[in-house]
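Asks: Following this message is one structure expressed as structure tokens.
The values are calculated or read from the model by the stated rules, or taken from the named source; none is laboratory data. Because the structure is a prediction, the values reported are computed rather than measured. Don't worry about glycine lacking a Cβ; one is built from the backbone with ideal geometry, like all the others, and counts go over all protein chains shown.
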Amino acid sequence: MKRIMDRAYNLKFIIVSMLGILLPVTGSLLSAEDIFSLSYSLTEGGYELVIDAANLNKGVKIDITSNVATRYELVQDIVQPLRSRDNPDLAIRNNFVVRGLRGTNKYGDLRLTSDDTPVRSSELVYVSSPAGDADNFTLVYGIRDIENIPVGDYYGRISYTLNPIGSARAIVTKFLDVHVRVAREKEATPLIEIITSDGSPAIRLNSQREEAQSSDVQVKINGNFSNLFSITQTLSQELESEEGLRLEPGGVNFAVQPVRKGNAVTQASPVSIIPQIVYTSTSLGGADNSLVITYSLGDLSKQRAGRYSANMQYFLEEAGKPRNLIGSLRMEIENSRVFNLLITPEDASGVISFRNLKPTDEPKRNEVIIEVKSNLGKRYEVIQKVSSDLTNKEGDVMPEGYFRMVTEGLDTRGFLKVAQKDAVKKGDTVLFISDAKGSSDKFKAVYELTTSADIKGGDYSTSITYSLLEL
């Protein structure tokens, strides 16, 4: 099969099959969609708000985009209080504070004061202008009197809710994870370290870039053990996109490179929200000093395009001891857009010829296989455009009805639009419409030429273009 993208095959009658991809109509021909959305970004980067003694204050930039002329408000809530993971009875309450950075907003009213205020639930943060103008502003979170907080790692979550005022429009909610580290002395080298190959805090995989379809994570074991232990991993939640779509099982796999001591999962296995043993030491605690876990993309051909993410957490498990969290990395999967048309002419060159046509010839038949690869989740259609009548070099036109076509299925999910033989017409003809899910699909266009005593012989040709268009 020969792949054709943004390029045309000429069928020199010869039917020349050309591919043209028609982009969706944009600009003034379509009315703009209503936009009412909320997003945030950390001023120092990353996906988790991390506060410690070295960085007691961190900024969060809030972006509200709207073109619906609806007044709105933003409310902050504590979804999960800051609690110690090792001792849930320990919590940070009034020491976790927030202030609004005056002057960062342009239109509305930033209700948070410029003084540090304890973070509380159902706190009105911002009210827009009466016209509901889009706006952005910065909030600064911090920890005060950290020396009075018991040592430990504290985790919590806050939410931002965008409420339309006096409108039935749906609310929009985003969540921000918060991690507060409290330490008194310089931390010793961890017993076990979890490090990505590039030192970043995330495992990033991308379906479009070959070099980014796998990524290594190194597990460094810096201490000695006297008893059997295991290292396990688990996703904090299903890999999910911003639109709420979940990555199908098998979308991401992992395997450990061969080890000398103990046992490791060396066969590719899907990552999961269920705890998975990655490595197990010998019975007396013997272990390799370093392990390498390779994460790689599975089959994403039937998965919707999008950016999927979750936290991958790593735990140390020893007999008679509680499970201990030893590391966490963000896993980010970019399933790039695919919207391609592939054409397979009958011969390898993409040229179908009707030469030296004679009135006594038997009907001639040629087939073109048309395949669409798409992960957009939107309906589409395939259109055939015939530039001219079937004509020979002397200018004789093949009479109507002698040159016909039909579309035939090949385990086709969508809808064939030329299900019965019909004359090949000049201009545009819809050959196929996808199913409601916009699934990848495949079908066949069959062209048939018949002759009679009234037909003048010779070489006849025309040009055909196949186009792919979103609906």
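Asks: Based on this model, can you work out whether Val430 counts as in a strand (DSSP E or B), surrounded by fewer than 19 Cβ atoms within 10 Å (Cβ to Cβ) and assigned by TED's automatic domain parsing to the domain that holds Asn356? Write out each step before concluding.
Replies: Working: in a strand (DSSP E or B): yes; surrounded by fewer than 19 Cβ atoms within 10 Å (Cβ to Cβ): yes; assigned by TED's automatic domain parsing to the domain that holds Asn356: yes.
Spelling it out, Val430 is indeed in a strand (DSSP E or B), surrounded by fewer than 19 Cβ atoms within 10 Å (Cβ to Cβ) and assigned by TED's automatic domain parsing to the domain that holds Asn356.
Asks: Please determine, by comparing only the residues of the stretch 394-425 that are exposed (fewer than 13 other Cβ atoms within 10 Å of the Cβ) and among the charged types (D, E, K, R), which one is farthest from Gln384 (Cα to Cα).
Replies: Glu394
Asks: Which count do you get for residues in the stretch 257-284 that are in contact (Cβ under 8 Å) with a residue 40 or more places away in the chain, closer than 16 Å to Gln233 by Cα and not small (Gly, Ala, Ser)? Walk me through how you get there before you give the answer.
Replies: Restricting attention to the stretch 257-284, the residues satisfying the condition of being in contact (Cβ under 8 Å) with a residue 40 or more places away in the chain are 271, 274-284.
Checking the rest, the ones that are also closer than 16 Å to Gln233 by Cα come to 271, 274-281.
Filter again for not small (Gly, Ala, Ser), leaving 271, 274-280.
Selection size over the stretch 257-284: 8.
Asks: Also, quick follow-up: Tell me, please, whether a residue that is modelled with pLDDT of 85 or more and out of contact with any Asp or Glu (no Cβ under 9 Å at 6 or more places or on another chain) can be found in the stretch 410-419.
Replies: Within the stretch 410-419, the first condition is being modelled with pLDDT of 85 or more, and the residues that meet it are 410-419.
Filter once more, so that each one left must be out of contact with any Asp or Glu (no Cβ under 9 Å at 6 or more places or on another chain): 418.
Yes; the residues of the stretch 410-419 include at least one that is modelled with pLDDT of 85 or more and out of contact with any Asp or Glu (no Cβ under 9 Å at 6 or more places or on another chain).
Asks: Okay, moving on. Checking the structure you have, find out if any residue of the stretch 195-202 is loosely packed, with under 12 Cβ neighbours inside 10 Å, over 30 Å from Ile35 (Cβ atoms) and without any contact (Cβ under 8 Å) to a residue 60 or more places away in the chain. Write out each step before concluding.
Replies: We begin by selecting, within the stretch 195-202, every residue loosely packed, with under 12 Cβ neighbours inside 10 Å; these are 198-199.
In the following step, the residues that additionally are over 30 Å from Ile35 (Cβ atoms) were identified as 198-199.
Of the ones still in play, those that are also without any contact (Cβ under 8 Å) to a residue 60 or more places away in the chain are 198-199.
Checking the stretch 195-202: at least one residue is loosely packed, with under 12 Cβ neighbours inside 10 Å, over 30 Å from Ile35 (Cβ atoms) and without any contact (Cβ under 8 Å) to a residue 60 or more places away in the chain.
Asks: If you don't mind, there's one more thing I want to ask. Determine if the stretch 324-335 includes at least one residue that is surrounded by 15 or more Cβ atoms within 10 Å (Cβ to Cβ), touching a residue at least 12 places away in the same chain (Cβ under 8 Å), under 21 Å from Tyr466 (Cα atoms) and not small (Gly, Ala, Ser).
Replies: No, that holds for no residue.
Asks: Out of the residues in the stretch 27-46 meeting the condition of being outside any strand (DSSP E or B) and under 30 Å from Ile165 (Cβ atoms), tell me which one is modelled with the highest pLDDT. Steps first, please.
Replies: To start, the set of residues in the stretch 27-46 that are outside any strand (DSSP E or B) comprises 27-35, 43-46.
Among the residues that remain, those that are also under 30 Å from Ile165 (Cβ atoms) are: 30-35, 43.
Numbers: Leu30: 35, Ser31: 40, Ala32: 54, Glu33: 80, Asp34: 86, Ile35: 90, Thr43: 87.
The extreme case among them is Ile35.
Asks: Looking at the stretch 109-116, can you tell me whether even one residue there is of a type outside the set (Val, Ile, Thr), in the same structural domain as Asp177 (by TED's automatic domain parsing) and in contact (Cβ under 8 Å) with a residue 60 or more places away in the chain? Steps first, please.
Replies: From the stretch 109-116, those of a type outside the set (Val, Ile, Thr) are 109-112, 114-116; that's our starting set.
Still in the running and in the same structural domain as Asp177 (by TED's automatic domain parsing): 109-112, 114-116.
Okay, now just the ones that are also in contact (Cβ under 8 Å) with a residue 60 or more places away in the chain, so none.
Within the stretch 109-116 (the criterion being of a type outside the set (Val, Ile, Thr), in the same structural domain as Asp177 (by TED's automatic domain parsing) and in contact (Cβ under 8 Å) with a residue 60 or more places away in the chain), the answer is no, since none of the residues qualifies.
Asks: Report the residue count in the stretch 308-352 for those that are at pLDDT 90 or above, not aliphatic (A, V, I, L, M) and not in a strand (DSSP E or B).
Replies: Matching residues across the stretch 308-352 total 2.
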